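Q: The structure is given below, and queries will be raised subsequently.
Taken together, the values in this text are just the output of simple stated rules run on the coordinates, not laboratory data. Predicted model, so just to flag it, every value in this text is computed and none were measured. Every residue, glycine among them, receives a Cβ derived from its backbone with ideal geometry; neighbour counts consider all protein chains shown.
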Amino acid sequence: MLPIKPIELHPILVHFPIALLLTSVVLDFLALILKRWGLAVAATWCLVFGVPAAAVAMLAGQISEGHIVLGNAGQILSMHKLFAEGSGLIFGFLLIARLVWLAPSIIESLAFTIPRMRPALANMQHSLLATLPGLKAATPPAFAYGLYMVISVAGLVCLSIAGYLGGELVYTYGVVPH
C-alpha cells in the first residue's frame, strides 16, 4: 500500500463535511416538521463537527491546488473555491448563531457537570440573558427560525454547487494532484 501524500488528502476529507452539513440541514427540517426537537440537537452536533471538518477539507484543497495541472479547468476551479468558501462562511455563521442561542443551555449543563464552577457560570448566564433577553425562550422566535432555515438552504445550495464543480474538475477535466 502506498502512503497518502498531503496533496491527496482533499478528495479523502471533503466527503465528511459534505455529509455532516447536509445532514444538519435535513435534521433541522425534520425537527421543524415533526416537532421533535431532539433532531435539532443532532443537527447541532452535525454542525459542530461539520464546520471544522469543512475548514480542514478547504485547507487540504489549498495545499493540493499548487500540485495540479489545470489545463482548461482554471475557471471551474475558481468557481469551486468560491462556492466552497461561501458555504464554509454560511455554515460557520450558522454554527455561531446556534451556539449563541444555545449558550444558556450549554452554561447550565456545564454548571451541572462542574459543580465548583456553578457561581461563575451562573454569573455568566445572568449576564448573557441580561444582554440578550430573547435567549430565554425554549425555541427561537418563528421569524428567527425561518431566517435560519433560509440561510441553511443557501449554504446547502453553495455546498452542492461546490461539490458538483469538484466532481467536474476530476471526472470531466481529469484534474488530479501530481
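Q: Just rank ARG116, ARG98, fewest to most, by other beta-carbon atoms within 10 angstrom.
A: Numbers: ARG116 8, ARG98 19.
Ascending number of Cβ neighbours within 10 Å: ARG116, ARG98.
Q: If you place +1 on the Cβ of every Lys and Arg, -1 on the Cβ of every Asp and Glu, and leave all else neutral, what size is the dipole of the chain about its Cα centre, to the nearest 20 Debye?
A: Numbers: 8 positive and 6 negative charges, 125 e Å.
Dipole size: approximately 600 debye.
Q: Which three lengths, in whole Å and largest first, does segment 61-149 cover when its Cα atoms are put on their principal axes?
A: Reported extents, whole Å, longest axis first: 61, 34, 18.
Q: What is the projected area of the convex hull of the Cα atoms of segment 119-162, averaged over all directions, in nm²?
A: Working: hull surface 18.2 nm².
Computed as one quarter of the Cα hull surface, the answer is 4.5 nm².
Q: Another question, if that's okay. May I ask you to give the average projected area over all directions of the convex hull of the Cα atoms of segment 1-146, in nm² rounded to one decimal?
A: Numbers: hull surface 52.0 nm².
It is 13.0 nm².
Q: Dipole size in debye (nearest 20) for segment 36-136 around its Cα centre, Lys and Arg Cβ +1, Asp and Glu Cβ -1? Let's see the in-between values first.
A: Working: 6 positive and 3 negative charges, 83 e Å.
The calculation lands at about 400 debye.
Q: Taking the alpha-carbon set of segment 67-113, what are its Rg and Dmax in Å?
A: My reading of the Cα-based Rg and Dmax gives 19.0, 58 Å.
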